[in-house]
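Following: one structure in structure tokens, then a few remarks.
The values are calculated or read from the model by the stated rules, or taken from the named source; none is laboratory data. Remember, it's a predicted structure, so these values are computed and weren't measured experimentally. So basically every Cβ, Gly included, is an ideal-geometry build from the backbone, and we count neighbours across all protein chains shown.
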């Protein structure tokens, strides 16, 4: 039975139910198949979408732009210096302006409170393209990717997240996993554990869905039998680069290596990463990290990143299909 998401915002995965998550996943899969078959039917004609980016982006920006264009909508990109937000105009005032001009608004920035203000005052659907606390569109794409790589239902899958288990991707993955009944293992140093209030929230969600939640600092325990092993960068956009030394020291043992993948005991285990990833020295930052710390690649080795187990570029493509599903479900004709 189709879900009624019309006019709804997506600020975090707490905004939608497990049934609504599954509906978006089914719609995304249908849209992906139609695009690949050349049979896609535009359903966003005459729609206008504002894209606010206070943080730079590759996958989120292109995902929203291509999804909109494929469906006949127009977008306006407002970059880090492309509006008066926070300089001459509050988010509340900006929301009331943009809400009169656009059918929906995407926001990618630092503050979860700001995207909440935007949704509260805009009067149109608002989508969180990433904040310091949440990255909901990423997790819809991730679950779509998981479905493509195993015959199992979401509620039968085991997923391990290694490293900084309190970051925005880990938090959103945790909420989504607990809602749909996944077996989720969060594995990292004790000081990177999510706060107690958030863990209590996850346990409450798990109690309703039958999901399993494990929080541990023991890699062998976390990866045993895992279908997917997921990691993310150790330093998020906007954090001081002075933190690199500490993060490398504390998170180094949680690097995803070939040995970690083998420790799952599952020859079909897949590697996931939301990107960008520091897996070699081919970037400016990667080269500087090698020079300063003598390490090539951080959260994942080149061997794993380029292996057949890696499905990171399927995740990247699926960002666009997931976003398209969200747009159609909330503002589609």
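Some observations on this one:
- Test: residue in region 3-21 that is outside the structural domain of residue 178 (by TED's automatic domain parsing), within 23 Å of residue 116 (Cβ to Cβ), at pLDDT below 95 and buried (at least 17 other Cβ atoms within 10 Å of the Cβ): yes
- Residue selected from region 31-48 under the condition assigned to a helix (DSSP H, G or I) and free of Cβ contacts under 8 Å to residues at least 24 places away in the same chain, by the criterion surrounded by the fewest Cβ atoms within 10 Å (Cβ to Cβ): 37
- Any hit, region 170-185, residues being more than 22 Å from residue 229 (Cβ to Cβ), surrounded by fewer than 22 Cβ atoms within 10 Å (Cβ to Cβ) and in contact with a strand residue (DSSP E or B) (Cβ under 8 Å, 6 or more places away or on another chain): no
- Qualifying residue in region 277-291 (condition: in the same structural domain as residue 187 (by TED's automatic domain parsing), in contact (Cβ under 8 Å) with a residue 60 or more places away in the chain and within 21 Å of the chain's Cα centre (by Cα)): no
- When the residues of region 49-74 are filtered to those that are touching a strand residue (DSSP E or B) at 6+ places or on another chain (Cβ under 8 Å) and in a helix (DSSP H, G or I), the one that is nearest to residue 9 (Cα to Cα) is 64.
- Any hit, region 239-249, residues being under 20 Å from the mean Cα position of the chain (by Cα) and more than 16 Å from residue 305 (Cα to Cα): yes
- Residue within region 319-333 that is over 18 Å from residue 146 (Cβ atoms) and modelled with pLDDT under 95 present: yes
- Test result for residue 172, within 22 Å of the chain's Cα centre (by Cα), assigned by TED's automatic domain parsing to the domain that holds residue 156, assigned to a helix (DSSP H, G or I) and in contact (Cβ under 8 Å) with a residue 60 or more places away in the chain: yes
- Qualifying residue in region 272-292 (condition: closer than 23 Å to residue 129 by Cα and not in a loop (DSSP other than H, G, I, E, B)): yes
- In the condition set (1) touching a residue at least 24 places away in the same chain (Cβ under 8 Å); (2) under 23 Å from residue 163 (Cα atoms), residue 331 is compliant with all but (2).
- Residues satisfying the stated conditions in region 95-112, i.e. within 23 Å of residue 44 (Cβ to Cβ), touching a residue at least 40 places away in the same chain (Cβ under 8 Å) and in a helix (DSSP H, G or I): 98, 101
- Among the residues of region 49-59, those that are surrounded by fewer than 23 Cβ atoms within 10 Å (Cβ to Cβ) and touching a helix residue (DSSP H, G or I) at 6+ places or on another chain (Cβ under 8 Å) comprise 53, 59.
Rundown of residues vs (1) crowded, with 21+ Cβ neighbours inside 10 Å; (2) within 22 Å of residue 56 (Cα to Cα); (3) in contact with a helix residue (DSSP H, G or I) (Cβ under 7 Å, 6 or more places away or on another chain), yes/no style:
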site	(1), (2), (3)
266	no, no, no
272	yes, yes, yes
275	no, yes, yes
280	no, yes, yes
285	no, yes, no
288	no, yes, no
296	no, no, yes
313	no, yes, no
317	no, yes, no
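- Residues satisfying the stated conditions in region 119-142, i.e. in a helix (DSSP H, G or I), closer than 12 Å to residue 11 by Cβ and touching a residue at least 60 places away in the same chain (Cβ under 8 Å): 119, 136, 137
- Looking across region 293-316, the residues that are touching a residue at least 12 places away in the same chain (Cβ under 8 Å) and part of a helix (DSSP H, G or I) come down to 293, 302, 303, 304, 305, 312, 314, 315, 316.
- Test: residue in region 75-92 that is assigned to a helix (DSSP H, G or I), in the same structural domain as residue 326 (by TED's automatic domain parsing) and touching a residue at least 12 places away in the same chain (Cβ under 8 Å): yes
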